[in-house]
Ligand SMILES: Cc1cc2nc3c(=O)[nH]c(=O)nc-3n(C[C@H](O)[C@H](O)[C@H](O)COP(=O)(O)OP(=O)(O)OC[C@H]3O[C@@H](n4cnc5c(N)ncnc54)[C@H](O)[C@@H]3O)c2cc1C
């Protein structure tokens, strides 16, 4: 069976795995590798060290659906709403800039990583492995040899990269030489903001008396956003204490980017005390440096994906190829799927010669990814290859 490696278990990677599985059930071996210890990427939900039931979203806070995206991605919203993964935001947010009327904001009662976990679950049978830090990718015969830190290299037929663009550019092996000069220029032009996030976890029965669930701060050089995370997510019954998330401003993030988290955390706490002098002492704290926070300049014309090599297929996507939010990641995953003609072609080799004995119409019916013309071409190429 063909092996497809998806690098990154964030929203784009998990959705790619899910879409691929739904299109080609039982026809492909999907493997997801992520360098971190859990799913989510920038949609991560962290747990308190002292009480794992106390959680906080350190990255993405809301899913904001504009009327346009609510319409074109309605099936994605409906699926998540039907499973109670998304719920409308009803808690008060101070200072939220509503750029467009009729934007509907959603929260994730079980933490924002529940979206990513849902898509990984829907990729039934996909092998999802953490602590897998990809370092090199080499072209080997008809596929790719992928090396990771501290492990033996493995062979894959197709590789999909979904990490932030600077991390794609850091990959060694053949990736750099396979990239066209224009592609490299386009990727090098992509930029991200940087910021820190603090998660503060409190003991049960701690009260945080503020009239808001989240607040944008405009008069502090360090603090930009604060949320009483459980209140924002509208958690009805809680057996644990409240949790608070603090995002710094981007200028602060950039100024302290190369410092150690342990050195930056006390500075943020000092500034937080100025903004919220009555905030109780937390039980534990988690500090996160988002070196690549949100995309400030995406790949020109937002193509959704970029094919670095077509046969064997090496393709990259993620919010750097669209924009930094839920809908941007959906767009990218859909584009990766659309442009996966090679994927379809290679995967038709998979079914134990099944394609050889299958009429073109049946092959087309099994492959709803592509237009009839493309499918017919793929089928002809396949017959040419195999005969
Ligand atoms: C502070 C902050 C606030 C945000 N607020 C919102 C919001 O309110 N609403 C919203 O919709 N969006 C928000 N976003 C943006 C949103 O989180 C991102 O657009 C989205 O999560 C990007 O998903 P992704 O899968 O493309 O990338 P990522 O989530 O970055 O996933 C990439 C994954 O690749 C892994 N990886 C990287 N390099 C390697 C390697 N070499 N080997 C193996 N694995 C690797 C990483 O560990 C990561 O898990 C926010 C982001 C941040 C940081």
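We did not get these values from a lab; they are worked out from the coordinates using the rules stated. Being a predicted model, the structure only gives us computed values, none of them experimental. Glycine gets a Cβ as well: all are built from the backbone with ideal geometry, and neighbour counts include every protein chain shown.
Here are the numbers for this structure:
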{"item": "Per-residue Cβ neighbour rank within 10 angstrom, fewest leading, 127, 23", "result": "127, 23"}
{"item": "Virtual spin-label span in nm between residue 274 and residue 207, 7 Å along Cα→Cβ", "result": "2.9 nm"}
{"item": "Nearest-0.05 FRET efficiency for residue 49 and residue 297, computed from C-beta distance (R0 41 Å)", "result": "0.65"}
{"item": "Gyration tensor verdict on the stretch 243-338 (Cα atoms; rounded if a/c is under 1.5, prolate if a/b is larger than b/c, oblate otherwise)", "result": "prolate"}
{"item": "Gain upon complete extension [residue 152, residue 338; 0.36 nm per residue less C-alpha separation]", "result": "63.8 nm"}
{"item": "Theoretical gain in end-to-end length, residue 101 to residue 74 [0.36 nm per residue, Cα-Cα removed]", "result": "7.9 nm"}
{"item": "Highest average packing first - 201-214, 175-188, Cβ atoms within 10 Å", "result": "201-214, 175-188"}
{"item": "Helix-only mean residue ellipticity at 222 nm for the chain, each DSSP H run of n ≥ 4 adding -39500 (n - 2.57), per residue, nearest 500", "result": "-9000 deg cm²/dmol"}
{"item": "Residues of the stretch 109-131 with amide N under 14 Å of a point placed 7 Å along Cα→Cβ from residue 84", "result": "109-111"}
{"item": "Contact order normalised by residue count of the chain, Cα under 8 Å, 6+ apart, percent", "result": "20 percent"}
{"item": "Packing-based exposure ordering (other Cβ within 10 Å, fewest first) of 156, 321", "result": "156, 321"}
{"item": "Linear extension gain, residue 142 paired with residue 121, 0.36 nm per residue minus alpha-carbon span", "result": "4.6 nm"}
